[in-house]
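Right, one structure below, let's go through it.
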Amino acid sequence: MTSEGSMGKLRAQDGFSLIELIVVVSIAAVVMAVLTPGIRRSSDIFTLRRAASLAIVELRTAQSLATNNGTDIMFEFYTTTGSGGPGGVRYWARPFGGGSWSEVRSVVTPEWPSIIQMREGSGLPMCAAPADVTHTCLIFKPLGDVDTNPTPGPIRVPVRVRAAGTFEWEIEINRATGRARVVQ
């Protein structure tokens, strides 16, 4: 047999038929339809976890400023019912024992993700001037404890992601120590 004879044989065409392609695309569409809500939920939970972690870091920073400098630090939460603004937190300092408040630090967008909100309902007192009096505040004392309303027990600050209003966690703050942790 010559080499010409072996080259003359017909071979099946390589590739996919139209039906095979439609079946594969249909299966991929069904898998994506099933996975998309789970991926979205995971993304929202990740954003909420990031928000809670960021809020705890800022609370600890405010507490550290109070103890290191021997001053009162008013920690202002931009809340959902406040007068607007980009969201975030502000720190105000006042010499221990009295005096006027002065702004020390502000954390707003883009540092503070714009979809993250501190929701009202924690029982925290409203801020005093010069902070926005429609927001809520915590005041850290020089020993690191929290001076708020006289209600005993831990303080709960609700945090939520605006894009996923069903996802909400709370940050629990111990009044005596000022320590914060996420409560789901």
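Exposure proxy shown here: for ASP72, ASP145, the number of other Cβ atoms within 10 Å sets the order, fewest to most, as ASP145, ASP72. Extending 7 Å from Cα along the Cβ direction at VAL183 and again at LEU21 yields two label points whose distance is 5.8 nm. In nm, give the distance between the simple-model label positions of SER102 and MET32, each being 7 Å from the Cα along the Cα-to-Cβ direction. Each label point lies 7 Å from its Cα, and together they span 5.7 nm. Taking other Cβ atoms within 10 Å as a rough exposure proxy, ARG40, ARG90 sort from fewest to most as ARG40, ARG90.
For VAL133 and ILE39, a Förster radius of 45 Å and the Cβ-Cβ distance give a FRET efficiency of 0.65, rounded to the nearest 0.05.
Computed from the coordinates by the stated procedures, all read-outs in this text should not be read as laboratory data. In this text the structure is predicted, and so the values were computed from the model without any measurement. Ideal geometry is used to build each Cβ from the backbone, glycine not excepted, and the neighbour counts take in all protein chains shown.
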